[in-house]
Amino acid sequence: TVAVPGPGHGHGGGGGHGAALDPEELRYAPRPPKRFPWLRRIAVLAVILALIVGGGWFAYAWTQNQYYVGTDGDYVAIFKGVDEDIPGLTLSKVYEKQTLQVDKLPTYSREQVESNIRADDLPGARTIVNELERAAAECAARAKPTPTPKPSTPPATVPPASTPPKPPATVPATTPSATPTPGTVNPDDCDGVR
């Protein structure tokens, strides 16, 4: 005969009361499904989209606080924004159109303006325009011929035959200085003024 232990005797009998759970069995046991998994995905996408939109807005706002001096047709202009091309997006516009014509600038200054001169801020851009106007004015002053007064002709007198004519006095020739004086435009730069 075999003795069958009764309830409360032994290690695990008695229909599962106080039975130890196997960790391996718990590991592979089915779990209840997660609730609202799409809500978590939407929240992550919303955060990523907010970061992209916020970064784009910040970058655009930064570009609209930049200034540069360039050309608008035949005239010098101050532009607000940056000189970059992005399809479908305008990053610069004319802020102030000047009365200074590009053709009146010295060669080097004209080339700089045509390739755009970056300024730190609006007062810096206006300072650049003032320097360009000064350079154009100096070139214009050099281009204008200075009128020479006509000598008045004294009445013709015939010198006496006994005195020989005097040789003309020679004036020493002065050579122009190779270096321009400070604050003036190099004369070679004014060659390109139209």
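Identify, please: which residue in region 91-116 is of a type in the set (S, T, Y) and within 14 Å of the chain's Cα centre (by Cα) and is, among those, modelled with the lowest pLDDT? Step through it out loud before you land on a result.
Narrowing region 91-116 to residues of a type in the set (S, T, Y): 92, 95, 99, 107-109, 115.
Of the ones still in play, those that are also within 14 Å of the chain's Cα centre (by Cα) are 92, 115.
Values: S92: 89, S115: 92.
Ranking the candidates gives S92 first.
Taking the condition exposed (fewer than 10 other Cβ atoms within 10 Å of the Cβ), modelled with pLDDT of 80 or more and under 16 Å from the mean Cα position of the chain (by Cα), does E24 pass?
Judged against the criteria, E24 is not a match.
Which of the following residues is outside any loop (DSSP other than H, G, I, E, B) and either at positive phi or surrounded by fewer than 10 Cβ atoms within 10 Å (Cβ to Cβ) (or both): A77, A50, A61?
On the way: A77 fails: either at positive phi or surrounded by fewer than 10 Cβ atoms within 10 Å (Cβ to Cβ) (or both); A50 fails: either at positive phi or surrounded by fewer than 10 Cβ atoms within 10 Å (Cβ to Cβ) (or both).
Sole residue among the options that is outside any loop (DSSP other than H, G, I, E, B) and either at positive phi or surrounded by fewer than 10 Cβ atoms within 10 Å (Cβ to Cβ) (or both): A61.
Answer yes or no as to whether A77 is at pLDDT below 85 and hydrophobic (A, V, I, L, M, F, W, C).
The answer is no for A77.
Identify the residue in region 80-109 that is closer than 29 Å to A136 by Cβ and of a type in the set (S, T, Y) and, among all such residues, is surrounded by the most Cβ atoms within 10 Å (Cβ to Cβ).
For region 80-109, the residue satisfying everything is S109.
Just one of the numbered conditions (1) in contact (Cβ under 8 Å) with a residue 40 or more places away in the chain; (2) open to solvent by 80 Å² or more (accessible area, probe 1.4 Å); (3) in a strand (DSSP E or B) is not true of R126; which one?
(3)
Can you name the number of the only condition in (1) farther than 15 Å from N116 by Cα; (2) touching a residue at least 12 places away in the same chain (Cβ under 8 Å) that G88 fails?
(2)
Residue check: is V53 more than 12 Å from the chain's Cα centre (by Cα) and modelled with pLDDT of 90 or more? Please lay out each step first, then the result.
On the way: more than 12 Å from the chain's Cα centre (by Cα): yes; modelled with pLDDT of 90 or more: yes.
When the stated conditions are applied, V53 passes them.
So which residues in region 60-74 are of a type in the set (A, V, I, L, M) and at pLDDT below 90?
We begin by selecting, within region 60-74, every residue of a type in the set (A, V, I, L, M); these are 61, 69.
A61, the sole residue that qualifies.
The values are calculated or read from the model by the stated rules, or taken from the named source; none is laboratory data. Keep in mind that what you see is a predicted model, and the values were worked out from it rather than measured. Heads up, the Cβs are rebuilt from the backbone with ideal geometry, glycines too, and the neighbour counts pull from every protein chain shown. In case anyone asks, the SASA skips ligands and DNA or RNA and just uses the protein heavy atoms, side chains included. Shrake-Rupley method; radii C 1.70, N 1.55, O 1.52, S 1.80 Å.
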